[in-house]
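Here's the structure, in structure tokens; my notes come after.
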Amino acid sequence: MLNIVQMNKNYFMVFMLIIPFFFATGENQNKNITEQRPNILLITADDMNYNAVGAFNSLVPGTTPNIDKLAKEGIRFTNAHVTHAVCQPSRGAIMTGMYGHVSGIEGFNHYTGNKSTLTEYLRSAGYLTGVIGKVNHSLPKFDTELEKFDLIKRGLTKDNELGFGRDPEKYYEFAKSFFLMAKEKDKPFFFMTNSHDPHRPFSGSDDEKRKFGDATTNGVIPAPSKIFSPEEIIVPGFLPDLPLIRKEIAQYYSSVRRCDDTIGKILQALKESGLEENTLIVFISDNGMAFPFAKTNCYLNSTKTPFIAKWPGVIKQSVDTVDFISGIDFLPTFLDAAGVPVPDDINGTSFLPLLKGEKQEGRDVVFTQFHETSAKKRYPMRAVQSKHFGYIFNPWSMDSVKFRNESMAGLTFKAMLEAASNNEKINNRVNLFLYRVVEEFYDFKNDPNALNNLIDDKSYSDEINKMRKEMKNWMEKTNDPAISDFEKYVINY
């Protein structure tokens, strides 16, 4: 009898010891569940056309094996756009959630307002923050933000810390160190990694040798893992197929491949860190390729971006061919994913429901814009695109000025000018590029290269007027100063 009593006492003591353990374990589990905020890895390419990516139907095989692998593991949006087809305003919209005419980042300048930026919101919420490459263009509050990042590497400095933004191994080293820092500090992170490829000068070009000198031969800037020949490539439909153009596009695709090499190394570092399972990975390009009728314009090849997202356990492998998402939506989406309250005084809207496979209304069109080039030349443009059509408003074309941008510096535009003297079709394309018209309207579903302006085709009057109304409503809603020109120049409807 005494033995039984003693046994019961022993069991009771063990039970009393176990109870706190179970409660403590439950508390820790609940704490982990409620406080398990995702890491966010934003990877950007510089001037990569959406259809230069294999997963987005690149006509040239072997351009982006690492990006294609990422696409197979996550979600692709075929109607994703940046808001501006030029570097700093494009990234400014991502980091502020506002259009350029709202934030003031219309060109190569910084934000001077008092609203918080993406990294400020996340840092206040306990996130580690890092950025490598394209630093000046990626931070809206450049001077006041520089010292606040846990890791920051510019890319274009004298010590060549990133191989002028073109060395995959350097990106691997810094990414690995940042992920290790996050593990040691046991904090979630936001890490923006920006490749300088495939921005001009292209791999193997004379311009590259002139700009970087010995760096192209002494290993500071490594060769891509694959170098494309002119015979391998297919010239995009918005450009004529001329020998010099074919040569330059081959160099461009070699730069695309080196960008893909860099992305592969960043993803390798993440995997090796053991943090991949709780990381939302997003890949985009900041705008289209630096060729005529792409970058620094409002065409489909200007703003459409090869958006890919991966988030293990949250995002299922899929392709969204219906919904439009935009650069201004990135800030609210990332904050939403991190459990940080989304400000209501921005232009963007979170598309987190879409990432989770849910439905979301109001994703049937996208608005894009352009203000000025890096040389501070202003060519205001506004565009609205649906899944089928695109309408572009060019008030600058009324001023009899000639368009000039970075895309005209290479072999391609020179070849177009030379061929224009005895080729009427190319001559018409050159004139359109240089002077444009006030309104352009395209059937992007059947004419993605914007070769046939339908603005005067009466059979499309209803669609044109519909988009004009959408444009005006958007201008009014966002207080776009270009509305005065729109009301002045656009035909009454």
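From Cα pairs below 8 angstrom and at least 6 apart in sequence, can you work out the relative contact order of the chain, rounded to a whole percent?
20 percent
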Helix 2-35 sits off the longest principal axis of the Cα atoms of the chain, rounded to the nearest 10 on a 0 to 90 degree scale, by 10 degrees
Taking a straight Cα-to-Cα line shorter than 29 Å from LYS209, and setting aside same-chain lysines fewer than 8 residues away, one finds LYS134, LYS153, LYS158, LYS170, LYS226, LYS247, LYS265, LYS295, LYS376, LYS377, LYS414
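Just order 220-229, 378-387, 314-323 by mean Cβ neighbour count inside 10 Å, highest at the front, would you? Mind dumping the intermediate values first?
Working: 220-229: 17.4, 378-387: 20.7, 314-323: 14.5.
Going by the mean number of other Cβ atoms within 10 Å, highest first, we get 378-387, 220-229, 314-323.
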Options (1) 23.9; (2) 26.4; (3) 23.0 are given for Kirkwood radius over Cα pairs in Å, and the computed one is (1)
Which residues qualify? For PHE77, with a placed amide H closer than 5 Å and at least 5 residues away or on another chain, they are PHE307, ASP320
Between the residues GLY62, GLY133, ALA80, the Cα farthest towards the positive end of the dipole of region 59-138, that dipole coming from +1 and -1 charges on the beta-carbon of Lys, Arg, Asp and Glu, is from GLY62
Given backbone amide H placed at 1.01 Å from N, residues whose amide H is under 5 Å from that of LEU128, ignoring those fewer than 5 places away on the same chain, are PHE189, PHE190
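Of all beta bridges DSSP finds with both residues in the chain, what is the antiparallel percent, to the nearest 5? If you can, show how the numbers build up before the last one.
Details: 23 of 49 bridges.
Antiparallel bridges make up about 45 percent of those DSSP assigns within the chain.
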Descending packing, highest mean Cβ count within 10 Å first, for 417-427, 47-57, 190-200 is 190-200, 47-57, 417-427
For LYS153, the residues 5 or more places away or on another chain with a placed amide H closer than 5 Å to its own amide H are VAL131, ILE132, GLY133
Each label sits 7 Å from Cα toward the beta-carbon; between THR112 and ARG210 the label points are separated, in nm, by 3.5 nm
Given 61-73, 455-467, the highest-first ranking by average Cβ count within 10 Å works out to 61-73, 455-467
The lysines whose Cα lies under 20 Å from the Cα of LYS477, excluding any fewer than 8 residues away in the same chain, are LYS115, LYS466, LYS469, LYS488
The aspartates and glutamates whose Cα lies under 18 Å from the Cα of LYS472, excluding any fewer than 8 residues away in the same chain, are ASP364, GLU439, GLU440, ASP462, GLU463, ASP480, ASP485, GLU487
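A short reminder: the numbers here are calculations on the coordinates, not readings from a lab. Please read all numbers here as calculations on a predicted model, not as lab measurements. Using ideal geometry, Cβ is built from the backbone for each residue, glycine included, and neighbour counts are taken over all protein chains shown.
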